[in-house]
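Heads up, the thing below is written out as structure tokens.
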Amino acid sequence: MVQLEKAVVARMKRGEHHFEVLVDPEAAEKLIAKWRDNQVVPAEELRAILATDYVFTHWSDGKKASDDHLLKSFQTTDLLAIAKTILVEGEIQLTAEQRKKMIDAKHKRVVESLVRNAWNPQAKAPHPRDRIERALAEAKFHIDPFKGVEEQVQSALKALRPLMPIAIEQVQVAVSVPAQHTGPSYGVLKALGEIKKEEWQKDGTLVVVLQIPAGIQADVYERMGKLTHGQAQVKLMGAVQ
């Protein structure tokens, strides 16, 4: 269980009654995201984020919910089942500092996902991070600390499209690696994306078709350039249809 001083109140109302449990806010956010993605969460993982073994009507007064009220409202007295319902359907009371910390962390993850996976389909080039950041600010896009990253990436795309051409796509690039650099290059190429086709030429040159997230083209150019001392050739073939 989480330490009491690190816990916050998660609460909901059912009929005339209020119900509260004490949880670790950051760990709770991760579990909520898993449930929304229809993932199975082991009982011990849920128990680990709780600070007490009780459901309260008002935590500040130390008043515990009666079994009768729990049965009437949740059809069970099982702590973990009730805690899950409160987390999914209720709200978590964060301090201003906790909320800001969680929002900042999730904002960063949303932006990183857009930088890596999105591009300008008209110019066929990735959007720089600062351009995405400025456009999100202009669109007045707000992060929900309790929604999953992927869900908010999709919301961010809807907010950005009136302001800039943007799409999440996979692209294919053709990479030609001279014979003397094929050894170390092959593993790097596999780490960067999915090799869809490879061909070894008579002089030992390796030519591959690599499928990657649209936003990391510059990474491929940079990594291969450094690895081969500028001798690799990388050419964009286009978006995957």
**Request:** Select from region 160-179 the residues that are in contact (Cβ under 8 Å) with a residue 24 or more places away in the chain, more than 30 Å from residue 232 (Cβ to Cβ) and out of contact with any strand residue (DSSP E or B) (no Cβ under 8 Å at 6 or more places or on another chain) and list them in ascending order.
**Result:** 160, 163
**Request:** Filter region 225-241 down to residues that are open to solvent by 100 Å² or more (accessible area, probe 1.4 Å) and part of a strand (DSSP E or B) and give me whichever is farthest from residue 179 (Cα to Cα).
**Result:** 237
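How many residues, within region 207-224, are in contact (Cβ under 8 Å) with a residue 24 or more places away in the chain and either over 11 Å from residue 169 (Cβ atoms) or surrounded by fewer than 20 Cβ atoms within 10 Å (Cβ to Cβ) (or both)?
12
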**Request:** Scan (1) part of a helix (DSSP H, G or I); (2) open to solvent by less than 20 Å² (accessible area, probe 1.4 Å); (3) out of contact with any Lys or Arg (no Cβ under 9 Å at 6 or more places or on another chain); (4) free of Cβ contacts under 8 Å to residues at least 60 places away in the same chain for the single condition residue 22 breaks and write down its number.
**Result:** (1)
**Message:** Looking only at region 110-143, how many residues end up being over 19 Å from the mean Cα position of the chain (by Cα), among the hydrophobic types (A, V, I, L, M, F, W, C) and open to solvent by 20 Å² or more (accessible area, probe 1.4 Å)?
**Reply:** 4
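Residues checked against (1) of a type in the set (D, E, K, R); (2) assigned to a helix (DSSP H, G or I); (3) in contact with a Gly (Cβ under 6 Å, 6 or more places away or on another chain):
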position	(1), (2), (3)
45	yes, yes, no
53	yes, no, no
57	no, no, no
71	no, yes, no
82	no, yes, no
86	no, yes, no
**Item:** Count - residues of region 1-31 that are of a type in the set (A, V, I, L, M, F, W, C), out of contact with any strand residue (DSSP E or B) (no Cβ under 6 Å at 6 or more places or on another chain) and modelled with pLDDT under 90
**Value:** 2
**Request:** Keeping to region 163-218, report how many residues are of a type in the set (D, E, K, R) and not in a strand (DSSP E or B).
**Result:** 4
**Residue that is open to solvent by 30 Å² or more (accessible area, probe 1.4 Å), at pLDDT 95 or above and either out of contact with any Lys or Arg (no Cβ under 8 Å at 6 or more places or on another chain) or on the phi > 0 side of the Ramachandran plot (or both), where the choices are 101, 84** = 84
**Asked** Could you count how many residues in region 25-45 are of a type outside the set (Lys, Arg), open to solvent by 90 Å² or more (accessible area, probe 1.4 Å) and touching a residue at least 24 places away in the same chain (Cβ under 8 Å)?
**Response** 1
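The values are calculated or read from the model by the stated rules, or taken from the named source; none is laboratory data. Keep in mind the model is a prediction, meaning the values are calculated, not measured. Cβ sites come from the backbone with ideal geometry, for glycine too, and all protein chains shown count toward neighbours. When the accessible area is computed, the model is the full protein with side chains, heavy atoms only, and any ligands, DNA or RNA have been set aside. Shrake-Rupley method; radii C 1.70, N 1.55, O 1.52, S 1.80 Å.
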